[in-house]
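Below is one structure, written out as structure tokens; comments come after it.
The values are calculated or read from the model by the stated rules, or taken from the named source; none is laboratory data. Since this is a predicted model, take the numbers as computed values, not measurements. Because the Cβ atoms are built from the backbone with ideal geometry, glycine has one as well, and the counts that use them run over all protein chains shown. For the accessible areas, the whole protein counts, side chains as well, though only heavy atoms, and no ligand, DNA or RNA atoms are used. Shrake-Rupley method; radii C 1.70, N 1.55, O 1.52, S 1.80 Å.
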Amino acid sequence: MSNSPASTSPASKSPAKAPASFANYRPETRLVHSGGLRSEFGETAEALYLTQGFVYASAEECEARFKGEDPGFIYSRFSNPTTAMFERRMIELEGAEACRSAATGMAAVTTAILAPLRAGDHVVAAKALFGSCRYVVEDLLPRYGIESTLVDGLDLDQWQKAVRPNTKSFFLESPTNPTLDVMDIPAIAEIAHAHGARLIVDNVFATPIWQSPLALGADVVVYSATKHIDGQGRCLGGVILSSEAFIAEHIHNFMRQTGPSISPFNAWVLLKGLETLAVRVRAQTDTAAKVADFLAAHPKISRLIYPGREDHPQAATVRKQMRAGSTLVGFEVKGGKAGAFRTLNGLKLARISNNLGDSKTLVTHPATTTHQRLTPEARAELGISEGFIRFSAGLEHADDLIEDLDAALRAA
């Protein structure tokens with residue numbers, strides 16, 4: 001990424017030759033080719049630049065670099081050729097103007113929410129959030145004099161009524177973690193913009209393959225790249241995508257000075273992960289849909305939630321703003337926590353983990369893991385029962401996963 005805060009197109013001012021844009025190609029092509037910078041060696045795979053800093057030909061060049069007058073890299077905390085390639089590829093995939101990558105998904109979420117705000121501002125967020133995201137909104141922001149209000153994200157009237165004169169941001173995830181509610185992004189964006197606020201969307205459960213929040217009216221999109229973008233359980237990472245103006249004014253200098261930045265090695269792993277993202281997500285979505293159909297008819301299941309089915313509570317919204325379902329399935333096992341634990345412990349193929357979007361199928365009990373910090377009443381309000389299980393489809397054969405689930409459920 002260029003070191004000038006005013007420039008947030010990573011490859012545009014790189015000392016290497018700027019790559020050709022692939023933005024007009026289809027997503028699969030962008031995921032393979034966008035953002036590549038070639039050294040004088042002409043390598044096929046993108047180079048990994050494991051360096052902390054950079055050297056300058058003269059003191060004058062160094063001065064110009066720090067002033068932002070000379071394009072190039074200064075320090076890998078806020079700019080690095082490998083990181084720049086990853087960011088450029090995400091820009092062209094998402095259809096954004098600018099991008100910054102972060103050390104983790106939560107670093108991206110926290111930076112996107114906190115960096116533009118100051119004491120006296122107000123944030124409206126959906127109640128249905130990942131536990132750490134709720135911590136940022138409910139507990140962290142008020143410590144710095146930033147007010148927050150949580151609403152039922154499916155109720156447009158609640159978004160409207162929660163707005164105050166000092167409201168600066170709306171924040172939501174859709175589909176939600178873990179109950180897969182799908183919120184009306186265009187309608188919520190319209191409410192935010194009518195009051196001069198921005199909409200930040202966590203798009204992890206949909207992935208950029210199945211949903212494009214910026215095209216739907218959102219102002220900022222965040223990802224935990226740890227999930228599908230890596231998708232193979234190797235490293236952590238986060239992404240913030242928005243306009244040039246938002247990144248330059250609010251994000252670039254915040255990250256430069258505070259340092260929640262991604263390592264070049266992780267950026268390289270994620271860059272290579274993007275090459276197979278579309279293939280993996282399509283296969284995982286197909287598997288999730290088959291698993292959902294199987295579970296919907298199983299006698300041990302009392303509730304099944306999958307965005308690709310017509311019985312999803314927001315099926316009309318899914319059709320309007322998503323190109324397909326999700327790699328995630330939510331289901332409730334009869335027998336509460338004991339029934340859920342017996343099912344989890346009976347699985348031979350699917351692995352118990354709090355991660356998702358992996359090539360291996362992963363199952364989670366949200367009430368005791370990702371959402372355990374919430375009160376029982378708050379979990380019940382969100383539909384996270386003691387028997388609820390989050391299923392993240394991997395790349396195994398769907399029939400093997402169905403047989404594994406069936407055996408575990410029958411023994412539970």
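Pick out, in residue order, every one of the GluC sites (Glu not before Pro) in segment 221-308 that is DSSP loop and has at most 16 other C-beta atoms within 10 Å; say none if there are none. The qualifying sites are 275. For segment 285-412, the fraction of C-alpha pairs farther apart than 16 angstrom is 60 percent. Its Cα centre serving as origin, the chain has a Cβ charge dipole (Lys and Arg +1, Asp and Glu -1) of approximately 560 debye. Across the options 308, 263, 236, the greatest Cα extent toward the positive end of the charge dipole of segment 224-332 (unit charges at beta carbon of Lys, Arg, Asp, Glu) belongs to 308. Taking the Cα centre of segment 49-147 as reference, the dipole from Cβ charges on Lys and Arg (+1) and Asp and Glu (-1) amounts to some 380 debye.
Over 32 Å between Cα atoms, which of 168/334; 127/337; 320/348; 127/290; 168/337; 300/360 qualify? Flagged as over cut-off: 168/334; 320/348; 168/337. The HN-Hα couplings worked out from phi for segment 105-110 by the Karplus form 6.51 cos²θ - 1.76 cosθ + 1.60 (θ = phi - 60°) are x, 5, 5, 5, 4, 4 Hz, whole numbers, x standing for Gly and Pro.
In whole percent, and with a 1.4 Å probe on the protein chains, what portion of the accessible area of segment 140-195 is carbon and sulfur?
So the carbon and sulfur contribution to the accessible surface is 47 percent.
Please list 210, 159, 268 from largest to smallest accessible area, probe radius 1.4 Å, with all protein chains kept in place.
Ranking 210, 159, 268 by accessible area, largest first, yields 268, 210, 159.
By the helix-only formula, in which each DSSP H run with n ≥ 4 contributes -39500 (n - 2.57) and the sum is divided by residues, the chain has a 222 nm mean residue ellipticity of -10000 deg cm²/dmol.
The mean of 1/r over all distinct Cα pairs in segment 108-176, once inverted, gives the Kirkwood hydrodynamic radius of 12.0 Å. The candidates 97, 386, arranged from most to least accessible area with a 1.4 Å probe in the full protein assembly, appear as 97, 386. Mean separation of Cα pairs under 8 Å and 6 or more residues apart, divided by the residue count, gives segment 139-244 a relative contact order of 19 percent.
For the chain, the normalised intensity computed at q = 0.13, 0.14 Å⁻¹ comes to -1.09, -1.23 (log10 of I(q)/I(0), Debye sum over alpha carbons, equal scatterers, no solvent). Among 306, 75, the sequence by solvent-accessible area, most first, with a 1.4 Å probe is 75, 306. Over the C-alpha trace of segment 154-280, radius of gyration and Dmax come out as 15.8, 45 angstrom. In order along segment 264-270, the phi-based Karplus estimate (6.51 cos²θ - 1.76 cosθ + 1.60, θ = phi - 60°) of 3J(HN,Hα) comes to x, 5, 5, 4, 5, 4, 5 Hz; Gly and Pro are listed as x. Among DSSP bridges having both ends in the chain, what percentage is antiparallel? Round to the nearest 5. Of all bridge pairs located within the chain, approximately 55 percent are antiparallel. A 1.4 Å probe, protein heavy atoms only, puts the accessible area of residue 33 near 90 Å². An ellipsoid equivalent to segment 246-302, defined through the eigenvalues of its Cα gyration tensor, has semi-axes of 40, 17, 10 Å when rounded to whole angstrom and sorted largest first.
Simple point charges give the picture: +1 on the Cβ of Lys and Arg, -1 on the Cβ of Asp and Glu, and for segment 182-308 a dipole about the Cα centre of about 540 debye.
Accessible surface computed residue by residue for the chain, with neighbouring protein chains in place and a 1.4 Å probe, gives 40 Å² per residue. Between residue 411 and residue 372, the FRET efficiency estimated from the beta carbon spacing at R0 = 22 angstrom works out to 0.30. Measuring r between the beta carbons of residue 61 and residue 28 and using R0 = 41 Å, the FRET efficiency lands at 0.55.
Projecting the Cα atoms of 352, 125, 115 onto the charge dipole of the chain, computed from C-beta unit charges around the Cα centre, puts 352 farthest toward the positive end.
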